[in-house]
Amino acid sequence: MRADTHVFDLIAKEEKRQRSGLELIASENFVSPHVLQAAGSVLTNKYAEGLPSKRYYGGCEVVDEIESLAIDRLCRLFGATWANVQPHSGAQANAAVMLAVLKPGDKILGFDLSHGGHLTHGSPANFSGKLYVPSFYGVEAETGTIDYNKVAETARKEKPKLLICGASAYSRDWDYKRFREIADEVGALLLADISHPAGLIAKGLLNDPLPHCHIVTTTTHKTLRGTRGGVIMLRNDIENPMGITDKKGNLRMLSSLLDSAVFPGTQGGPLEHIIAAKAVSFGEALNDDFAKYMVQVEKNADLMAHEFIKRGYKIISGGTDNHLMLIDLRAKNITGKDAEIALGKAEITVNKNMVPFDTQNPMVTSGIRIGTAAVTTRGLKDKDMLKVVDLIDRVITNSQNENILKEVRKEVNAMMSDLPLFV
Ligand code: DSN
């Protein structure tokens, strides 16, 4: 069979792009060769609707073992007692949770997207804001942090059925215990979406949501450094408080409703090649090396945030506890969009991002979001981060000067081209 040079040449081009540049998108990372191998394996050929040992197809003996291994490793990693590893993404995981515990028209309360939340936490553009009735809490203008008393006030007023904590652009840790108190007070279920900080949580570097939150979802490809995908976890399975019964009239457990909401509720056949890749990455995350990696990710972000502040940049909330930071560029007289474009010319990849109380629209924005998970996988450490801030600063302060952008690009290429994607 002839190789499809068109597609494979493009893949080679993308690999070169990934190798030669500085990847600072907070939701991206580089997987190990083993994760890549599993994701590209013959498991893509297999249909396996259902769950391990409860499938709708024959020939599932091997994928049953693989999926069970993924579940077991994930549970050990987070101290969960139940997990579903089939969601194709974080959005799919959240869709399954809402299908399991809500009826259309029920109220949900989540973190405002324009303050750093996520589309699937109630945005009107997303299923979560179309099928359910959303309200939001945000950060304080002064501090850039969440005021938990205000979350409680909003919860008392709105009485949501589901309270959601978690974000895609919030650099501070979460008080899950306080969130649970709020949820209990208003009779809501509590969902933590830990997609961004999951790796840091797994290694005990941030607060653990599992003891407090009824349900926890995460993607597997950000700080967790696995293949793209999603999962759902529980530490304490409970009889569902919505009063949903089985055919015999017994209250169904939350885990059973979540399993049904993934399949057949929102998905068909699970991607067993991706589940195998998840299993490999969970195995890697269980190792001590992963803890060292996570410590460095956190340290690199902290070093960058301090260096940016020293150079007159405004970091929302004044710093970071995790792997990311949100930078308000208004004091630097450049929009998020223009900063993203100029940095892109220097092969420094970031994403423009709304900052709290932004005056620009989402396609322009006043800020950029930066994360350290990917560059840390490539081996960058303490003093490299100061150099990275210097490169970014030179671009931002000379965004119209093509010569300087070219000069910075050469320095970026010299720094990155010879480093493997996964050290
Ligand atoms: N798109 C992801 C992020 O960048 O944070 C969230 O889904």
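Just so it is clear, none of the values below were taken in a lab; they were calculated from the coordinates. Since we're looking at a predicted model, the values are computed, not measured. Cβ sites come from the backbone with ideal geometry, for glycine too, and all protein chains shown count toward neighbours.
Brief remarks on what is shown
- Selection among 236, 287, 264 by position relative to the dipole of segment 206-311 gives 264 as farthest towards the positive end (Cβ unit charges, Cα centre).
- Evaluated at q = 0.08, 0.09 Å⁻¹, the base-10 log of the normalised Debye intensity for segment 61-220, with identical point scatterers placed on the Cα atoms, takes the values -0.22, -0.28.
- Placing pseudo-labels 7 Å out from each Cα toward the beta carbon at residue 130 and residue 62 gives an inter-label distance of 3.9 nm.
- Global dimensions of segment 197-262 from alpha-carbon coordinates: Rg and Dmax equal 14.5, 44 Å.
- J(HN,Hα) series, segment 40-50, from Karplus relation 6.51 cos²θ - 1.76 cosθ + 1.60, nearest Hz, glycine and proline x: x, 9, 5, 4, 5, 7, 9, 8, 8, 4, x
- Table column - 3J(HN,Hα) (Hz), segment 213-229, Karplus curve with 6.51, -1.76, 1.60, x for Gly and Pro: 9, 4, 9, 10, 10, 7, 7, 10, 10, 8, 5, 6, 6, x, 5, 4, x
- For segment 257-283 versus segment 156-234, the gap between their alpha-carbon centres in whole angstrom: 19
- Restraint check, 16/383; 278/383; 352/406; 103/203; 332/383; 103/177, Cα-Cα greater than 29 Å: 278/383; 103/203
- Prolate is the label for segment 231-306, because a/c, from the alpha-carbon gyration tensor with a ≥ b ≥ c as root eigenvalues, is 1.5 or above and a/b exceeds b/c.
- Of 13/410; 130/222; 299/387, those spanning more than 23 Å from alpha-carbon to alpha-carbon: 130/222
- Given their separation in residues at 0.36 nm each and the Cα-Cα distance between them, residue 3 and residue 37 gain 10.4 nm when the chain is fully extended.
- Length added when fully stretched, residue 291-residue 311, from 0.36 nm per residue minus Cα-Cα: 4.1 nm
- Distance in nm between pseudo-label sites at residue 390 and residue 15 (7 Å out along the Cβ direction from Cα): 3.2
- Rounded to the nearest 20, the Cβ-based charge dipole of segment 353-417 about its Cα centre (Lys and Arg +1, Asp and Glu -1) stands at 220 debye.
- Think of it as helices only: each DSSP H run of n ≥ 4 in the chain is worth -39500 (n - 2.57), and spread over all residues that comes to -13000 deg cm²/dmol at 222 nm.
- Residue 247/residue 140 FRET efficiency (R0 51 Å; Cβ-Cβ; nearest 0.05): 0.55
- Radius, Kirkwood style, for the chain when every pair of distinct Cα atoms is counted (Å): 22.3
- Pair residue 363, residue 402: separation of 7 Å Cα→Cβ label points (nm): 2.5
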